[in-house]
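**Student:** Please see the structure below; I have some questions.
Readers should treat all values here as calculations from the given coordinates under stated rules, not as data from a laboratory. Only a predicted model underlies this, so the values are computations on that prediction, with no experimental measurement involved. All Cβ positions, even for glycine, are placed from backbone atoms using ideal geometry, and neighbour counts span all protein chains on display.
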Amino acid sequence: MEVKNNNKNIGSLYISTSVIEKVAKLAAMEIDGVAEVSTGSSGVKGVFAKTNLPKAVDVNMYDGVAEVDIHIIVKYGCKVPSVCKSVQEAVKTNIQSMTEVTVSKVNIVVAGIQADN
């Protein structure tokens, strides 16, 4: 899926949803308390699973408006609701400012907790 922006005077601009996914991932990783952006299904079982695993970041476009689903691993000891709220705000702000694509929702899935080692 691509987002298309036409300006007849200059030309066309296409932004791939994979670019929006990358912006979302980088924005989430900047937030204190986020250990990683991942579905948490790593290891031998995750590698050999026969089901389709969800992507860590998924962007769906509906009439030119983005809806983002992002899976995160939160650092142990952090307040999960405040980390999620910060991720939602950062993802929405960064996507809208960098791509000029409107974001209607940022859905967060906390896929795990990372303990201090």
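**Student:** Mark the label point 7 Å from the Cα of residue 89 along Cα→Cβ and return the residues of segment 59-83 whose backbone N is within less than 18 Å of it.
**Tutor:** 78-83
**Student:** Same structure again: Note down the nm distance, to one decimal, between modelled labels 7 Å out along Cα→Cβ at residue 29 and at residue 55.
**Tutor:** 1.7
**Student:** Taking the highest mean first, how do the peptides 32-39, 21-28 order by number of other beta carbon atoms within 10 angstrom per residue?
**Tutor:** Values: 32-39: 17.2, 21-28: 21.0.
Peptide ranking by packing, descending: 21-28, 32-39.
**Student:** Spin-label point model (7 Å from Cα, Cβ direction): what's the residue 105 to residue 12 distance in nm?
**Tutor:** Result: 2.9 nm between the two label points.
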